[in-house]
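Encoded as structure tokens, the structure appears first; notes follow it.
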């Protein structure tokens, strides 16, 4: 694996590999010295991280969690902002997740407006209502975890556990969306005909969840259960 | 490290891609409103490559 065994994480801004001496944390995310947000740069220099099971694992998948509690993260504000699609996640610094929320929200509305649901409109309408309330609560809980200084994954509670690091979900979704929109724009494909196949998304999601549940690597499952204990 | 290089070239390459698309738009080759998903694809490919490199590193 790595040639430098003491790497504990990578800077979120520039991707530089960080060892225990140069790592800085802010809001549950790891930065290098240059990219740490200036308001927290002096206050949140974490104590040196002792040799933990995290450091022996793959450095990118499980950076050692710095436990620095922050009081400037407001779960209440996260809850309020969560009613606007994607904004709650953006408040928590999870931009990719906010993007996914916006896409999901838009997709449900598109299916509803496009007459592609074929009689399942009530189901989708309730799904939409549930999603509207899911987002603020999700943002609230993520903000709570950030307030307590616990690390949050970019895709926490979107994909099970650390599944994002095992299978590249986000890039694949991005590329798929890009291809679909491109084909649509070049008149090679009709978007309303694609929307008719929306249940395929459910099948794919179920298949992915099955895959994630059935094949977690032993070390990953260990760290998973540990972090879940921390959250309780 | 290769992952680092990948991160470093990401912004410039995205900018170059955007430049090409807008240039094609200006020269009347193809409208930008038709080609913008190329940016999504390039970004996704970068994320994919990044992940592959950090895993192998």
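The values are calculated or read from the model by the stated rules, or taken from the named source; none is laboratory data. Treat the numbers as computed from the prediction; the structure is a model and nothing was measured. Positions of Cβ are generated from backbone atoms using ideal geometry, with glycine treated the same way; all protein chains shown enter the neighbour counts.
Listed values, structure above:
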quantity	calculated
Failed item in (1) surrounded by fewer than 18 Cβ atoms within 10 Å (Cβ to Cβ); (2) more than 8 Å from every other protein chain (Cβ to nearest Cβ), with residue B:21 passing the rest	(1)
Residues of the stretch B:29-40 satisfying the condition of being facing chain A (nearest Cβ under 7 Å) and either over 13 Å from residue A:186 (Cβ atoms) or part of a loop (DSSP other than H, G, I, E, B) (or both)	B:40
Within the stretch A:86-106, tally of residues that are in a helix (DSSP H, G or I), surrounded by 14 or more Cβ atoms within 10 Å (Cβ to Cβ) and in contact with a helix residue (DSSP H, G or I) (Cβ under 8 Å, 6 or more places away or on another chain)	13
Among the residues listed as A:149, A:98, the single one being touching a residue at least 60 places away in the same chain (Cβ under 8 Å) and within 17 Å of residue A:29 (Cα to Cα)	A:149
Pairs, first more than 9 Å from chain B (Cβ to nearest Cβ) in the stretch A:176-193, second at pLDDT 75 or above and surrounded by 13 or more Cβ atoms within 10 Å (Cβ to Cβ), C-beta under 7 Å, six or more apart	A:189/A:183; A:191/A:184; A:192/A:114
Residue identified as in contact with a helix residue (DSSP H, G or I) (Cβ under 8 Å, 6 or more places away or on another chain), farther than 22 Å from residue A:190 by Cα, free of Cβ contacts under 8 Å to residues at least 40 places away in the same chain and surrounded by fewer than 18 Cβ atoms within 10 Å (Cβ to Cβ) among A:77, A:127	A:127
Leading residue by the ranking (modelled with the lowest pLDDT) among those in the stretch A:189-220 that are assigned to a loop (DSSP other than H, G, I, E, B) and under 21 Å from the mean Cα position of the chain (by Cα)	A:217
